[in-house]
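Single-structure report; data block below.
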Amino acid sequence: MTHVIIALDGNTYIHKDFAKTVDELCREIRLGCFQSPVPMKDPTAVRLQNYLLVTERDTAPLLSTNQLSILELLSQGATEKEIERAMQLSQGGIRHHLDSLKQKFNVRTKEELIAVYNRRG
């Protein structure tokens, strides 16, 4: 029996016991035939001691209010200068948030960041 924690979002989880081994469940997840109690488009799993944590692979990283505002402004075509004025942040502050966002979304450029953000809605 395997204890599985299914992450629905950053605050909501489901605990379910499966009568399969961790290896069997991981194989099902890789093959796309995992029978989750909730619909999941692209699940992925990680072992945590005696548990298996299952979550959506495409789950967006947690963002601060400033980071979300910057992404929204960028996706609307705002320049860094316009974002600085709109948010009353320094150029260094905007750069810090952009660097953090690039790292969270695993991209290198602002253009890639905007594209990933727009795809995720």
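Summary of values
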quantity	calculated
Residue list for the stretch 99-115, filter: polar (S, T, N, Q), over 17 Å from Ala78 (Cβ atoms) and surrounded by fewer than 16 Cβ atoms within 10 Å (Cβ to Cβ)	Gln103, Asn106
Members of the stretch 33-47 that are buried (at least 17 other Cβ atoms within 10 Å of the Cβ) and either part of a strand (DSSP E or B) or outside the structural domain of Asp23 (by TED's automatic domain parsing) (or both)	Pro43, Ala45
Selection from the stretch 13-32 of residues that are assigned to a helix (DSSP H, G or I) and either exposed (fewer than 14 other Cβ atoms within 10 Å of the Cβ) or aromatic (Phe, Trp, Tyr) (or both)	Asp23, Glu24, Arg27, Arg30, Leu31
Every residue from the stretch 26-85 that is touching a Phe, Trp or Tyr at 6+ places or on another chain (Cβ under 9 Å) and within 17 Å of Glu112 (Cα to Cα)	Ala60, Pro61, Leu71, Glu72, Leu74, Ser75
Filter pass, Ala19 being of a type in the set (A, V, I, L, M) and modelled with pLDDT of 90 or more	yes
Subset of the stretch 59-112 [under 30 Å from Leu8 (Cβ atoms) and assigned to a loop (DSSP other than H, G, I, E, B)]	Thr59, Ala60, Pro61, Leu62, Leu63, Ser64, Gln76, Asn106, Val107
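One line per residue, one yes/no per condition, for (1) over 30 Å from Lys110 (Cβ atoms); (2) modelled with pLDDT of 90 or more; (3) exposed (fewer than 14 other Cβ atoms within 10 Å of the Cβ):
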position	(1), (2), (3)
Gln49	yes, no, yes
Leu53	yes, no, no
Lys81	no, yes, yes
Met87	no, yes, no
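The values are calculated or read from the model by the stated rules, or taken from the named source; none is laboratory data. Remember, it's a predicted structure, so these values are computed and weren't measured experimentally. Neighbour counts are summed over all protein chains in view; Cβ atoms, including those assigned to glycine, are modelled from backbone coordinates with ideal geometry.
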